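One structure is given here, and the rest of the page talks about it.
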Amino acid sequence: MLIAAAIACGTCTAMAQDMSGTPLRSQAIGENIYRVDGGIANTGFVIAENGVIVIDAQRTPAEGAAQIALIAATTPRPIAAILLTHADPDHVGGLPAYPDTARIIAHENSRAQILAAANADDGGPFFGPLYKAVASSRMPHQVIGATERMVLAGTRVEMIYVAPAHGSGDLIVYFPDHRVAFAGDIVLTDQGRFPSIRRGGSSLGWIEAMQTILALDADVIVPGHGPIAPRARLEIQLRDAIERRRAIKQMVEEEKTLDQIDAALPPENINPRFPSFNRTTYDELVKGYPEQVPPWHGLTERP
Ligand SMILES: [Zn+2]
């Protein structure tokens with residue numbers, strides 16, 4: 001499906017385009033490590049000694065094929081592994097395009113989410129078939145339930161699981177030798193002041209995950225969406241979330257309703273696909289964490 005692939009090494013930028021017109025670009029963010037933008041989500045790849053490690057697959061098989069072409073324009077080495085930051089469709093839908101020799105690694109909850117979405121009847125005309133295609137052809141070969149350190153294709157990588165954050169299967173993918181972390185959708189720099197948390201995620205978990213990301217010895221933190229931001233911007237977002245969560249908790253203890261909380265602390269409505277940070281935090285404190293998306297290890301607070 002590829003119609004164009006070109007490389008311009010003077011700017012360290014390669015481009016590839018699929019028939020849907022998705023222009024993917026790679027940006028060197030360290031030695032042999034790249035961020036890919038131009039798709040719906042940010043992704044990345046590392047050219048390791050014995051192959052290429054890919055971080056997230058793009059949204060559709062065509063966009064996945066464009067990413068594979070982009071990598072092929074940069075290095076002849078084969079794709080050895082695909083590491084998934086989480087199971088949202090814009091990060092996993094491209095998996096069927098990848099060679100079946102590439103090892104797919106994800107959190108156990110992400111695997112469960114892919115299967116659940118593939119088996120649900122409400123996936124809709126776009127996402128339903130994407131998940132069905134992934135489930136029938138490219139499920140993770142390896143799932144992890146807690147932080148694991150490994151060597152892939154000769155490169156050290158840490159798959160860090162702190163707690164449910166954006167969703168229940170978030171992994172921070174950290175390359176210590178490159179001093180680069182791929183944060184998935186825990187870090188979003190093109191959306192609101194407060195984090196976007198989907199069902200199964202957690203406001204407390206998000207805070208713990210963001211604290212973990214900011215404590216990493218990383219020069220570059222790649223967000224799931226949006227431009228790479230300075231660390232100070234992420235620290236402000238973390239501080240704002242901690243302050244708002246503390247204020248919501250106090251109002252819950254005073255038995256305020258969500259409407260009263262929203263009146264006192266106007267919520268954002270930047271991304272209507274996700275509940276507001278106020279609602280997520282309120283539900284977590286009043287109703288507890290949803291039991292259908294275990295495990296909840298990592299969270300230190302129970303309502
Ligand atoms: Zn995303």
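The values are calculated or read from the model by the stated rules, or taken from the named source; none is laboratory data. Predicted model only: the values in this text are computed from it and were never measured. Here the Cβ is made from the backbone with ideal geometry for all residues, glycine too, and neighbour counts use every protein chain on show. Keep in mind that these areas ignore ligands, DNA and RNA; they rest on the heavy atoms of the full protein, side chains included. Shrake-Rupley method; radii C 1.70, N 1.55, O 1.52, S 1.80 Å.
Every residue, every condition in (1) within 12 Å of the ligand (Cβ to nearest atom); (2) farther than 26 Å from residue 46 by Cβ; (3) not aliphatic (A, V, I, L, M), yes or no:
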residue	(1), (2), (3)
154	no, no, yes
158	no, no, yes
162	no, no, no
165	no, no, no
171	no, no, no
175	no, no, yes
179	no, no, yes
196	yes, yes, yes
203	no, yes, yes
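Among the residues of this structure, residue 21 does not count as one that is within 16 Å of the ligand (Cβ to nearest atom) and either at pLDDT 95 or above or over 15 Å from residue 72 (Cβ atoms) (or both). A single member of 165, 209 is buried (at least 23 other Cβ atoms within 10 Å of the Cβ) and not in a loop (DSSP other than H, G, I, E, B), and it is 209.
Within segment 27-67, being open to solvent by 30 Å² or more (accessible area, probe 1.4 Å) and touching a helix residue (DSSP H, G or I) at 6+ places or on another chain (Cβ under 6 Å) holds for 40, 59, 61, 65. Looking at (1) touching a Leu at 6+ places or on another chain (Cβ under 9 Å); (2) open to solvent by 10 Å² or more (accessible area, probe 1.4 Å); (3) within 16 Å of the ligand (Cβ to nearest atom), which one does residue 106 not meet, given that it meets all the others? Tallying (1) touching a Leu at 6+ places or on another chain (Cβ under 9 Å); (2) open to solvent by 10 Å² or more (accessible area, probe 1.4 Å); (3) within 16 Å of the ligand (Cβ to nearest atom), residue 106 fails exactly one: (2). The residues of segment 171-189 that are in a loop (DSSP other than H, G, I, E, B) and either of a type in the set (Lys, Arg) or touching a Pro at 6+ places or on another chain (Cβ under 7 Å) (or both), listed by number, are 179, 183, 187, 189. What residue, among those in segment 181-194 that are under 12 Å from the mean Cα position of the chain (by Cα) and small (Gly, Ala, Ser), is farthest from the ligand (Cβ to nearest atom)? This residue is 181. Checked against (1) farther than 15 Å from residue 182 by Cα; (2) more than 16 Å from the ligand (Cβ to nearest atom), residue 45 passes all but condition (1).
Being of a type outside the set (A, V, I, L, M, F, W, C), in a loop (DSSP other than H, G, I, E, B) and on the phi > 0 side of the Ramachandran plot is a property that residue 200 has.
Number of residues in segment 70-103 that are within 16 Å of the ligand (Cβ to nearest atom) and either of a type in the set (Ser, Thr, Tyr) or surrounded by fewer than 20 Cβ atoms within 10 Å (Cβ to Cβ) (or both) equals 1.
For segment 231-251, a residue qualifies if it is β-branched (Val, Ile, Thr) and open to solvent by 30 Å² or more (accessible area, probe 1.4 Å), and the qualifying residues are 236, 242.
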